[in-house]
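Below is one structure, written out as C-alpha coordinates, with a few remarks after it.
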Amino acid sequence: MKNTNITDKTINLLKRHYYIHIIVLAALFLLILFRITPLFTDKGTVSITAERYAVMITIIIIPVSLRFFANRLKKIPRPQEEEKASEKYKSASFLRLYPISAVTMAHILLFGISGNMNFFWFTVVLFIVFLFCKPSYPELESLFMIPAEKGREEEKEEEEEEEEEIKVSGEIDKNQMTTEYNYPGNGQAAGK
(Lines give C-alpha, C1' and ligand atoms only; values in the text may rest on other atoms or scores of the structure.)
Protein backbone atom coordinates (compact mmCIF):
# COMPACT_ATOMS: atom_id res chain seq x y z
CA MET A 1 0.00 0.00 0.00
CA LYS A 2 2.87 2.32 0.83
CA ASN A 3 4.43 1.75 -2.62
CA THR A 4 1.28 2.68 -4.46
CA ASN A 5 0.73 5.79 -2.37
CA ILE A 6 4.25 7.11 -2.98
CA THR A 7 4.16 6.09 -6.64
CA ASP A 8 0.76 7.73 -7.16
CA LYS A 9 1.86 10.95 -5.47
CA THR A 10 5.05 11.12 -7.51
CA ILE A 11 3.36 10.43 -10.85
CA ASN A 12 0.51 12.85 -10.07
CA LEU A 13 2.99 15.60 -9.19
CA LEU A 14 5.00 15.00 -12.36
CA LYS A 15 1.87 14.89 -14.52
CA ARG A 16 0.70 18.18 -12.98
CA HIS A 17 4.02 19.81 -13.91
CA TYR A 18 3.90 18.23 -17.35
CA TYR A 19 0.37 19.40 -18.19
CA ILE A 20 0.88 22.87 -16.70
CA HIS A 21 3.96 23.36 -18.88
CA ILE A 22 2.15 22.22 -22.00
CA ILE A 23 -0.99 24.28 -21.32
CA VAL A 24 0.92 27.48 -20.52
CA LEU A 25 3.24 27.13 -23.51
CA ALA A 26 0.41 26.22 -25.89
CA ALA A 27 -1.72 29.13 -24.66
CA LEU A 28 1.15 31.58 -25.14
CA PHE A 29 1.89 30.12 -28.56
CA LEU A 30 -1.73 30.44 -29.69
CA LEU A 31 -1.98 34.00 -28.32
CA ILE A 32 1.08 34.99 -30.31
CA LEU A 33 0.08 33.00 -33.39
CA PHE A 34 -3.33 34.64 -33.68
CA ARG A 35 -1.98 38.03 -32.54
CA ILE A 36 -4.36 38.23 -29.60
CA THR A 37 -1.72 39.46 -27.17
CA PRO A 38 -0.63 43.10 -27.46
CA LEU A 39 2.99 42.24 -26.60
CA PHE A 40 4.28 41.48 -30.09
CA THR A 41 2.24 43.65 -32.43
CA ASP A 42 5.25 45.18 -34.21
CA LYS A 43 7.42 42.57 -35.88
CA GLY A 44 11.13 43.04 -35.48
CA THR A 45 14.05 41.13 -36.84
CA VAL A 46 16.22 38.56 -35.19
CA SER A 47 19.83 38.45 -36.32
CA ILE A 48 21.02 35.47 -38.29
CA THR A 49 23.51 34.68 -35.54
CA ALA A 50 20.74 34.52 -32.92
CA GLU A 51 18.67 32.34 -35.23
CA ARG A 52 21.57 29.95 -35.76
CA TYR A 53 22.24 29.71 -32.03
CA ALA A 54 18.56 29.06 -31.35
CA VAL A 55 18.51 26.25 -33.90
CA MET A 56 21.79 24.80 -32.63
CA ILE A 57 20.69 24.88 -28.99
CA THR A 58 17.42 23.19 -29.90
CA ILE A 59 19.13 20.45 -31.87
CA ILE A 60 21.44 19.84 -28.90
CA ILE A 61 18.88 20.09 -26.08
CA ILE A 62 16.32 17.61 -27.44
CA PRO A 63 18.50 14.47 -27.63
CA VAL A 64 20.68 15.44 -24.68
CA SER A 65 17.77 15.89 -22.27
CA LEU A 66 16.03 12.69 -23.42
CA ARG A 67 19.25 10.67 -23.32
CA PHE A 68 20.25 12.13 -19.95
CA PHE A 69 16.93 10.99 -18.49
CA ALA A 70 17.34 7.46 -19.88
CA ASN A 71 20.95 7.17 -18.67
CA ARG A 72 20.07 8.49 -15.24
CA LEU A 73 17.35 5.87 -14.84
CA LYS A 74 19.69 3.09 -16.00
CA LYS A 75 22.34 4.08 -13.46
CA ILE A 76 19.99 3.86 -10.48
CA PRO A 77 20.75 0.60 -8.65
CA ARG A 78 17.80 -1.78 -8.34
CA PRO A 79 15.88 -2.56 -6.21
CA GLN A 80 15.60 0.89 -4.72
CA GLU A 81 13.56 2.02 -1.74
CA GLU A 82 10.31 3.62 -2.84
CA GLU A 83 11.06 7.07 -1.43
CA LYS A 84 14.58 7.25 -2.84
CA ALA A 85 13.50 5.91 -6.20
CA SER A 86 10.65 8.42 -6.36
CA GLU A 87 12.99 11.31 -5.56
CA LYS A 88 15.52 10.22 -8.17
CA TYR A 89 12.78 9.75 -10.77
CA LYS A 90 11.35 13.18 -9.94
CA SER A 91 14.70 14.92 -10.31
CA ALA A 92 15.44 13.12 -13.58
CA SER A 93 11.99 14.01 -14.93
CA PHE A 94 12.38 17.66 -13.98
CA LEU A 95 15.81 17.77 -15.63
CA ARG A 96 14.20 16.41 -18.78
CA LEU A 97 11.12 18.67 -18.73
CA TYR A 98 12.52 22.07 -17.79
CA PRO A 99 15.23 22.44 -20.49
CA ILE A 100 12.77 21.45 -23.21
CA SER A 101 10.21 23.89 -21.78
CA ALA A 102 12.78 26.70 -21.69
CA VAL A 103 13.80 26.12 -25.30
CA THR A 104 10.15 25.97 -26.34
CA MET A 105 9.47 29.26 -24.56
CA ALA A 106 12.46 30.85 -26.30
CA HIS A 107 11.21 29.75 -29.72
CA ILE A 108 7.71 31.02 -28.97
CA LEU A 109 9.09 34.42 -27.95
CA LEU A 110 11.41 34.57 -30.94
CA PHE A 111 8.47 33.73 -33.20
CA GLY A 112 6.47 36.50 -31.53
CA ILE A 113 9.27 39.02 -31.99
CA SER A 114 10.20 38.21 -35.57
CA GLY A 115 7.35 36.24 -37.13
CA ASN A 116 10.01 33.94 -38.62
CA MET A 117 8.47 30.60 -39.61
CA ASN A 118 11.61 28.68 -38.57
CA PHE A 119 10.77 29.47 -34.96
CA PHE A 120 7.17 28.42 -35.57
CA TRP A 121 8.17 25.00 -36.90
CA PHE A 122 10.73 24.42 -34.16
CA THR A 123 8.00 25.18 -31.63
CA VAL A 124 5.77 22.57 -33.27
CA VAL A 125 8.60 20.02 -33.15
CA LEU A 126 9.21 20.79 -29.49
CA PHE A 127 5.54 20.23 -28.70
CA ILE A 128 5.88 16.81 -30.33
CA VAL A 129 8.96 16.12 -28.19
CA PHE A 130 6.80 16.71 -25.12
CA LEU A 131 5.03 13.44 -25.95
CA PHE A 132 8.25 11.64 -24.99
CA CYS A 133 8.45 13.45 -21.65
CA LYS A 134 5.22 12.17 -20.15
CA PRO A 135 5.83 10.50 -16.76
CA SER A 136 4.73 6.88 -16.51
CA TYR A 137 4.13 4.27 -13.85
CA PRO A 138 6.20 1.51 -15.54
CA GLU A 139 9.33 3.68 -15.60
CA LEU A 140 9.02 4.44 -11.91
CA GLU A 141 8.02 0.91 -10.91
CA SER A 142 10.99 -0.53 -12.79
CA LEU A 143 13.17 1.09 -10.12
CA PHE A 144 11.51 -1.08 -7.46
CA MET A 145 11.94 -4.35 -9.38
CA ILE A 146 14.93 -6.58 -8.75
CA PRO A 147 16.84 -7.14 -12.01
CA ALA A 148 17.25 -10.86 -11.25
CA GLU A 149 13.49 -11.27 -10.91
CA LYS A 150 12.98 -9.30 -14.06
CA GLY A 151 15.49 -11.56 -15.79
CA ARG A 152 13.77 -14.68 -14.49
CA GLU A 153 10.44 -13.50 -15.85
CA GLU A 154 12.00 -12.90 -19.25
CA GLU A 155 13.73 -16.31 -19.13
CA LYS A 156 10.41 -18.01 -18.36
CA GLU A 157 8.77 -16.29 -21.30
CA GLU A 158 11.64 -17.30 -23.58
CA GLU A 159 11.48 -20.91 -22.36
CA GLU A 160 7.74 -21.04 -23.04
CA GLU A 161 8.29 -19.68 -26.54
CA GLU A 162 11.05 -22.25 -27.18
CA GLU A 163 8.81 -25.07 -25.95
CA GLU A 164 6.06 -23.95 -28.32
CA GLU A 165 8.55 -23.84 -31.18
CA ILE A 166 9.82 -27.31 -30.31
CA LYS A 167 6.27 -28.65 -30.23
CA VAL A 168 5.51 -27.11 -33.59
CA SER A 169 8.79 -28.28 -35.14
CA GLY A 170 8.37 -31.74 -33.53
CA GLU A 171 4.98 -32.14 -35.19
CA ILE A 172 6.48 -31.17 -38.50
CA ASP A 173 9.33 -33.65 -38.07
CA LYS A 174 6.92 -36.50 -37.28
CA ASN A 175 4.86 -35.66 -40.36
CA GLN A 176 7.96 -35.60 -42.53
CA MET A 177 9.18 -38.92 -41.11
CA THR A 178 5.91 -40.74 -41.80
CA THR A 179 5.58 -39.48 -45.34
CA GLU A 180 6.87 -41.93 -47.91
CA TYR A 181 7.80 -40.87 -51.33
CA ASN A 182 7.03 -43.40 -54.06
CA TYR A 183 8.97 -42.19 -57.00
CA PRO A 184 9.63 -44.55 -59.91
CA GLY A 185 13.38 -44.40 -59.40
CA ASN A 186 13.28 -45.43 -55.72
CA GLY A 187 13.27 -49.18 -56.33
CA GLN A 188 16.40 -51.13 -57.24
CA ALA A 189 16.85 -52.02 -60.81
CA ALA A 190 16.86 -55.70 -61.65
CA GLY A 191 20.24 -57.22 -61.99
CA LYS A 192 22.12 -54.88 -59.72
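The values are calculated or read from the model by the stated rules, or taken from the named source; none is laboratory data. Everything quoted here is computed from the prediction, not taken from an experiment. Cβ: placed from backbone, ideal geometry, glycine included. Neighbour counts: every protein chain shown.
Table for the structure above
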quantity	calculated
Condition check for K90: farther than 20 Å from L33 by Cβ, modelled with pLDDT of 70 or more and assigned to a helix (DSSP H, G or I)	yes
Output for region 62-87, where each listed residue is more than 19 Å from F130 (Cβ to Cβ), part of a helix (DSSP H, G or I) and in contact (Cβ under 8 Å) with a residue 40 or more places away in the chain	E82, E83, A85, S86
Every pair of residues 6+ apart whose Cβ atoms lie under 6 Å, when the first sits in region 18-31 and is farther than 11 Å from T123 by Cβ while the second is surrounded by 16 or more Cβ atoms within 10 Å (Cβ to Cβ)	H21/S101; I22/F130
Residue ID - surrounded by the most Cβ atoms within 10 Å (Cβ to Cβ), chosen from residues in region 10-35 that are over 27 Å from the mean Cα position of the chain (by Cα) and of a type outside the set (D, E, K, R)	I32
Residue check, P38 out of contact with any Lys or Arg (no Cβ under 7 Å at 6 or more places or on another chain), of a type outside the set (A, V, I, L, M, F, W, C), surrounded by fewer than 17 Cβ atoms within 10 Å (Cβ to Cβ) and within 22 Å of Y137 (Cβ to Cβ)	no
Candidates V55, V64 - the one that is closer than 18 Å to S93 by Cβ, of a type in the set (A, V, I, L, M, F, W, C) and out of contact with any His (no Cβ under 7 Å at 6 or more places or on another chain)	V64
Of all residues in region 110-141 being free of Cβ contacts under 8 Å to residues at least 24 places away in the same chain and farther than 28 Å from Y89 by Cα, the one that is nearest to the chain's Cα centre (by Cα)	W121
